[in-house]
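This report refers to the structure that appears directly beneath it.
The values are calculated or read from the model by the stated rules, or taken from the named source; none is laboratory data. Here the structure is a predicted model, which means the values were calculated and not measured. As a convention, Cβ positions derive from the backbone with ideal geometry for all residues, glycine included, and neighbour counts pool all protein chains shown.
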Amino acid sequence: MILTKSSSAEIGLGILLVLLVSSPVASSQQLDSNYLGTYSIIARDPQTGQLGEAVQSKAFAGGNRAMTARGGLAIIAHQAAANPLYGVLGLQLLSRGLSPEKALEAMLRSDQTRDRQQVSILDIQGRSAAWTGKGARDWKGHKCGADYCAQGNILVGPEVLEALARSFESSSGPLAERLVDALDAAQAAGGDARGMQSAALLVVKPIATTDDFDDRAVDLRVDDSRTPLKELRRLLNLQRSDEMIRQGRFSLDQGRPPEALERALAARDKSPDNDNAWIFLARMHLWLNQKEQALKAIRQAVELNPANARQLLLNHEFESVHSDPVFLQIVADR
């Protein structure tokens, strides 16, 4: 028998459905290390076409099994029993034209332990579907609104879910920041009844592609921390700072030094511990003949990362201060 591309794809989907039924994570009736008690929110920005998810849990590395996304298609949250096949198979079904509701129904019908799952789907059109099995641990629930779904289990109560939803509904700005703000609001309302350990943030760009490595706009994880939300915010700020540096370099290349300096200052303020921001700020001060300010920025960059002492000596962009006694003292101290 000769298999066509279409029949091969259907066989592949059938195999995934079988795996969904037989998955050890899904079939175990006992709480195991993969059980993901958590709160999360998936959302869409209709202006940019971005899709994203943010999650926090009292579980180690919760973000590595709670989210699946493809730019231009959909984002899927899968938690409680946390079977990642809901993400893999869900994207397959959605890519073949099924709505989130129909895709979720098909997966749930194939899963004998659906009652232990918590799954939400949001596609690029803003359509959503969600499921919270009665076997997930209390307090549990989900809420879907315009361009988002919020869900959680092992929460202190329904107020956590309401805080997630209310924060997103009332916020504006970049999707990543809105998602992290929603996590903070949920935690302020009580969060995971067991405490905090891990957090993650994923935002994908609106590119429809079979590859999932080139659609990431933000992909950050805090696997183990007593303050995972604080650390997640720090990492997001660091990424934004690096983005501002790249924008500043572009402005400089385009012959707009004042604009480049403005970007450098913004990068420093967004993440004061980012030594790269201080180095770029020093470069801009030198470009504008502001030597004293440049040396102060160099000192801060070296204090944050002593390896910068040697690197700056080798960097031709800083040749104008290589013989300066203050500069030499700064690098000599390291």
- Query: Mind checking which pairs have a first residue in segment 136-162 that is without any contact (Cβ under 8 Å) to a residue 60 or more places away in the chain and among the charged types (D, E, K, R) and a second that is part of a strand (DSSP E or B) and buried (at least 22 other Cβ atoms within 10 Å of the Cβ), Cβ under 9 Å, 6 or more apart or different chains?
  - Reply: Asp138/Leu155; Lys143/Cys149; Lys143/Ala150; Lys143/Gln151; Glu162/Ala150
- Tell me which residues, restricted to segment 252-267, are at pLDDT below 95 and not acidic (Asp, Glu). Leu252, Gln254, Gly255, Arg256, Pro257, Pro258
- Message: Quick check on segment 186-208: of everything there that is among the aliphatic types (A, V, I, L, M) and in a loop (DSSP other than H, G, I, E, B), which residue is surrounded by the fewest Cβ atoms within 10 Å (Cβ to Cβ)?
- Response: Ala208
- Check on Arg178, touching a Gly at 6+ places or on another chain (Cβ under 9 Å), in the same structural domain as Gln47 (by TED's automatic domain parsing), part of a loop (DSSP other than H, G, I, E, B) and touching a residue at least 60 places away in the same chain (Cβ under 8 Å): no
- Message: For segment 217-260, give me each residue that is in contact (Cβ under 8 Å) with a residue 60 or more places away in the chain and loosely packed, with under 14 Cβ neighbours inside 10 Å.
- Response: Asp224
- Query: Within segment 156-177, can you find the residues that are under 18 Å from Gln239 (Cβ atoms) and touching a strand residue (DSSP E or B) at 6+ places or on another chain (Cβ under 7 Å)?
  - Reply: Leu175, Ala176
- Task: Output the residues belonging to segment 243-289 that are assigned to a helix (DSSP H, G or I) and polar (S, T, N, Q).
- Result: Gln247, Ser251, Asn276
- Query: Looking at segment 23-42, is at least one residue assigned to a strand (DSSP E or B), of a type outside the set (Ser, Thr, Tyr) and modelled with pLDDT of 95 or more?
  - Reply: yes
- Task: Would you be able to say whether some residue in segment 151-160 is assigned to a loop (DSSP other than H, G, I, E, B), aliphatic (A, V, I, L, M) and at positive phi?
- Result: yes
- Message: When you scan segment 184-192, do you find a residue that is within 22 Å of Asn83 (Cα to Cα), more than 21 Å from the chain's Cα centre (by Cα) and assigned by TED's automatic domain parsing to the domain that holds Leu93, even just one?
- Response: no
- Note on the structure: Sole miss for Lys270 among (1) of a type in the set (D, E, K, R); (2) crowded, with 17+ Cβ neighbours inside 10 Å; (3) modelled with pLDDT under 95 is condition (3)
